[in-house]
Amino acid sequence: MLRALLFSGCGLRAGVGADLAWPAEGGLDDAVELLVPVPFDALYPHYLCAKLDAALGETERYAGEQARYNSILAELSAWLRRRAKRSLRFSSVSERR
């Protein structure tokens with residue numbers, strides 16, 4: 001990694017955190033399903049962009065990306081609540097029988 005090349009003689013800990021290279025075998029496959037389902041998976045890039053903009057001091061861009069992220073997250077939360085209510089309703093009906 002670039003950091004290892006530039007700071008190899010400084011006594012920094014190598015292979016820790018972001019300096020640790022992703023393993024060639026056993027890494028995250030493209031087929032791995034992420035936690036957020038497909039209709040709401042657009043929140044991932046907005047979250048990352050918001051964090052990058054915040055780190056770079058781009059406050060207006062950060063606010064826009066964070067607002068988009070929060071909007072998608074609110075939609076996801078509402079969808080999960082509706083889904084949970086539906087599953088509870090069906091389970092209570094089946095228990096009565």
Cβ pairs under 7 Å, 6+ apart or interchain, first in the range 44-56 and more than 17 Å from GLU75 (Cβ to Cβ), second surrounded by fewer than 18 Cβ atoms within 10 Å (Cβ to Cβ), ordered by first then second residue, are ASP53/ARG61
Scanning the range 1-60 for residues that are at pLDDT below 60, assigned to a helix (DSSP H, G or I), of a type in the set (Gly, Ala, Ser) and surrounded by 10 or more Cβ atoms within 10 Å (Cβ to Cβ) gives ALA4
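The values are calculated or read from the model by the stated rules, or taken from the named source; none is laboratory data. These numbers were taken from a predicted model, which means no experiment stands behind them. Glycine also receives a Cβ, built like all others from the backbone with ideal geometry; neighbour counts cover every protein chain displayed.
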